[in-house]
Amino acid sequence: MESVTIRRALPAEFDTVGELTARAYLEGGHIPAENTHYLTSLRDAADRAAKAELLVAVHGDKVCGTVTVARHGSEYTELARPGELEFRMLAVAPEAAGSGVGAALVDRVIELAAAESWERVVLYSNRSMTVAHRLYERKGFHRLPEHDWEPFPAVRLLAYALDQAR
């Protein structure tokens with residue numbers, strides 16, 4: 001997608017970002033509609049913006065993607081250890097899938113990690129997110145199977161990492 005801007009989400013966009021995230025996970029088949037607890041978290045963009053860094057991809061005046069950047073020690077880190085930057089809840093509007101929005105968001109996270117001198121970028125990804133896994137691998141991420149886990153029955157999260165050049 002041409003002319004995508006990556007920036008911090010504005011408070012007026014939080015509801016849009018939350019619904020985009022939930023819709024991407026639901027329509028992508030990555031979360032069952034019955035998982036209301038996690039859907040509530042996906043929709044709560046304001047909380048992510050307050051406790052981590054909430055980025056959006058904007059094309060024209062439309063939000064078409066988002067990612068949450070969590071520095072080590074944040075309430076939003078699940079995997080990050082000292083020296084590691086984590087990202088979570090990467091989501092692209094279904095109508096923008098395949099347009100490069102996800103890649104642009106991942107690139108921005110990698111740029112932030114380099115600018116802030118983080119040693120490694122880490123993330124968890126649902127086993128069903130195979131398109132995202134291919135993107136991560138193209139960007140140089142590798143699997144950390146020893147850190148995979150199941151937060152809920154039948155929900156397997158795969159760990160990935162990208163070691164930063166120092």
Q. Which value, in debye to the nearest 20, describes the size of the charge dipole of the chain about its Cα centre when Lys and Arg Cβ atoms bear +1, Asp and Glu Cβ atoms bear -1, and nothing else is charged?
A. 260 debye
Q | Förster-model FRET efficiency, 22 Å R0, ALA46 and GLU116, C-beta, rounded to 0.05 | A | 0.40
Q) Where q = 0.09, 0.13, 0.16 Å⁻¹, what log10 of I(q)/I(0) comes from the Debye formula for the chain, counting one point per Cα? A) -0.26, -0.57, -0.90
Q | Helical mean residue ellipticity (222 nm; -39500 (n - 2.57) per DSSP H run of 4+; nearest 500) of the chain | A | -9500 deg cm²/dmol
Q | Ranked packing of 102-112, 136-146, 62-72, most packed first, by mean Cβ within 10 Å | A | 62-72, 102-112, 136-146
Q. For GLU27 and ARG134 in one chain, what is 0.36 nm times their gap in residues minus the Cα-Cα distance, to one decimal in nm?
A. 36.6 nm
Q) Of all the C-alpha pairs in segment 13-99, what % are more than 20 Å from each other? A) 34 percent
Q) So how much slack lies between ASN35 and ARG156, counting 0.36 nm per residue of separation and subtracting their Cα-Cα distance, in nm? A) 42.1 nm
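FYI, it's all coordinate maths here, none of it is from the lab. For clarity, every value in this text was computed on a predicted model and none was experimentally measured. Virtual Cβ from ideal backbone geometry, glycine too; neighbours counted across all protein chains shown.
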